[in-house]
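Chemist: Please find one structure pasted underneath; my questions will follow.
Please treat every number below as a calculation from the coordinates, not as lab data. No experiment lies behind these values; they were computed from the predicted model shown. Here the Cβ is made from the backbone with ideal geometry for all residues, glycine too, and neighbour counts use every protein chain on show.
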Amino acid sequence: MRSSGGEYYVGLDHVRAMAAFAVFAWHFIHIHGGQLLQPLAFPLSIFTEGHTGVALFMTLSGYIFAKLLDGRDIYFGKFIWNRIIRLAPLLIIVIGANGAWILLFGGDVVAYARRITAGFLLPTWPNGGWSIAVELHFYLVLPFLLALVRKSRFCLIGVLLVAISFRAIWYYQTGQVQSLAYWTIVGRIDQFTLGILGFHFGHLLRGRHGFAVSILLSFLVFYWFFDRAGGFYTMTTYPSPSALWVVMTTIEGSAYGMLISWYDTSFRFSGKHPVSKLWASVGAYSYSIYLLHFWIVFRVANFINNHILDLSNPYIALLVAPLAFMLMIPLGYLSFNFIETPFLRYRTRYLKPRRLG
């Protein structure tokens, strides 16, 4: 996706595509409760716990805006307008379509309307729309984070410490913090912040391939142990009483922030190479794929399971998931070009002129 300023980063669309696939694969294996099974062979837990794709999206968002806005002041109203133009059209269609379905089949439309209204603050928007609300909350605090960065990059460490401390207090007061950490800006602020830090310390990671591999392997090992301990759903109960959720989003954001920065700064990406171009296109369509796949993934999994191939073996399900994911690409293309793109003409430049001297 090209920004309103004309910048386009092929490698970052690769990362978007990876995040979209992780979420899709996680939902695909729900067909036989695969998300509840004992952990698969290392390192497949990154897909059987594919909710982490949301963490990758959010860390990437922090990284991208740090990169686009580095050293620049913004017209905040224009910035928010651009983000609404980018996100609202498809989200409104998804919310409207779900509402129409509820109305058609005699559901409680008034209760649904209340959930949509509450969704500006609470995680109640459908089709993963709750994460879009969290993204909007990030935009509201972004000027504050940028002001801290100008004073010192290390000020953002203070943001992390405050967020972790708040979640720790919440945990000791209520006995669980998974809901707060996973579904709200109170947990996700770590990932946005660590994405920003990943950009600002990217020069330390450029070309450090061995270090990046060690971070990736360490993170995969962590996720395998997390999966063994019960993962998202069965770490005792859901929501989990585990104190790990005090720092879970911090761990994800730290790993993803470093890996995104390494990938972005260490390689030259071609927009013409067929594989790179295809994967970047998936990244460009990832917003559509993310919001629309909820209507597709479970039906596709059920059809394959009932008519083509038994998916009760989670290894088979994961093997088939990339093929099923390919069905989302044409849908993502249509949505991107005929729902998202037409509204982008209404974007405006929100960057203030650079200060001289």
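Chemist: Comparing PHE219, PHE267, PHE28, which has the greatest mean-square fluctuation in the GNM of the chain with Cα pairs linked when under 10 Å apart?
Modeler: PHE267
Chemist: Based on the Kirkwood radius over alpha-carbon pairs, what is the Stokes-Einstein translational diffusion coefficient of the range 1-154 at 4 °C with 1.567 mPa s viscosity, in µm²/s? Show your work: numbers first, answer last.
Modeler: Details: Rh = 18.0 Å.
For these conditions, the coefficient is 72 µm²/s.
Chemist: Provide the three semi-axes, in whole Å and in decreasing order, of the ellipsoid equivalent to the chain as defined by the square roots of 5 times the Cα gyration tensor eigenvalues. Don't skip to the answer; put the middle values down first.
Modeler: Numbers: eigenvalues 175, 126, 106 Å².
After scaling each eigenvalue by five and taking roots: 30, 25, 23 Å.
Chemist: OK, next. Which FRET efficiency, nearest 0.05, do PHE42 and LEU161 yield, Cβ-Cβ r, R0 30 Å?
Modeler: Working: r = 32 Å, r/R0 = 1.07.
Result of the calculation: an efficiency of 0.40.
Chemist: Tell me, what is the percent relative contact order of the chain, built from C-alpha pairs under 8 Å that lie six or more residues apart?
Modeler: 34
Chemist: If you wrap a convex hull around the Cα atoms of the range 238-357, how much volume per residue is inside, in Å³? Walk me through the intermediate numbers first.
Modeler: Working: hull volume 29.6 nm³, N = 120.
Given the Cα convex hull of the range 238-357, per-residue volume reads 247 Å³.
Chemist: Which percent of the Cα-Cα distances in the range 295-357 go past 17 Å?
Modeler: Details: 1170 of 1953 pairs.
Within the range 295-357, distances greater than 17 Å cover 60 percent of Cα pairs.
Chemist: On to the next question. Most exposed first by the Cβ proxy, i.e. fewest other Cβ within 10 Å, how do THR193, THR348, THR250, THR265 rank?
Modeler: On the way: THR193 27, THR348 12, THR250 20, THR265 17.
So the ranking, lowest neighbour count to highest, is THR348, THR265, THR250, THR193.
Chemist: Just from its helices, what would the mean residue ellipticity at 222 nm be for the chain, if runs of 4 or more DSSP H residues each count -39500 (n - 2.57) and the sum is divided by every residue, rounded to the nearest 500 deg cm²/dmol?
Modeler: Values: 16 runs with 241 residues, N = 357.
Taking each H run of at least 4 residues, the total per residue is -22000 deg cm²/dmol.
Chemist: Using C-alpha positions alone, give me the convex hull volume of the range 59-103 per residue in cubic angstrom.
Modeler: Values: hull volume 3.7 nm³, N = 45.
Normalising the Cα hull of the range 59-103 by residue number yields 82 Å³.
Chemist: Provide, for q = 0.13, 0.22 Å⁻¹, the log10 of I(q)/I(0) from a solvent-free Debye sum over equal Cα point scatterers in the range 71-170.
Modeler: -0.65, -1.14
Chemist: Select from ASN127, ASN98, ASN306 the residue whose mean-square fluctuation is largest in a Gaussian network model of the chain (Cα-Cα springs shorter than 10 Å).
Modeler: Most flexible of the set in this elastic network: ASN306.
Chemist: Same structure, new question: For PHE225 and ASP70, what is the calculated FRET efficiency with R₀ set at 35 Å and r taken between the beta-carbons, to the nearest 0.05? Kindly include the intermediate steps, with their values, before the conclusion.
Modeler: On the way: r = 36 Å, r/R0 = 1.03.
In this case the efficiency is close to 0.45.
Chemist: Using a Gaussian network model of the chain with C-alpha springs under 10 Å, which one of LEU291, LEU204, LEU145 is most mobile by mean-square fluctuation?
Modeler: Checking each option, the largest mean-square fluctuation is seen for LEU204.
Chemist: Please report how many Lys pairs in the chain have alpha carbons closer than 20 angstrom, counting only residues at least 8 apart along the chain or sitting on separate chains. Kindly include the intermediate steps, with their values, before the conclusion.
Modeler: Details: LYS67/LYS78; LYS67/LYS151; LYS67/LYS352; LYS78/LYS352; LYS151/LYS352.
Going through the chain pair by pair, I get 5.
Chemist: Taking Cα atoms of the range 266-326, Rg/Rh with Kirkwood Rh, to two decimals?
Modeler: Rg divided by Rh gives 1.10.
Chemist: Work out the charge dipole of the range 1-150 with +1 on the Cβ of Lys and Arg and -1 on the Cβ of Asp and Glu about the Cα centre, then indicate which of ALA147, GLY53, GLY129 is farthest towards its positive end.
Modeler: Final value for the positive-end residue is ALA147.
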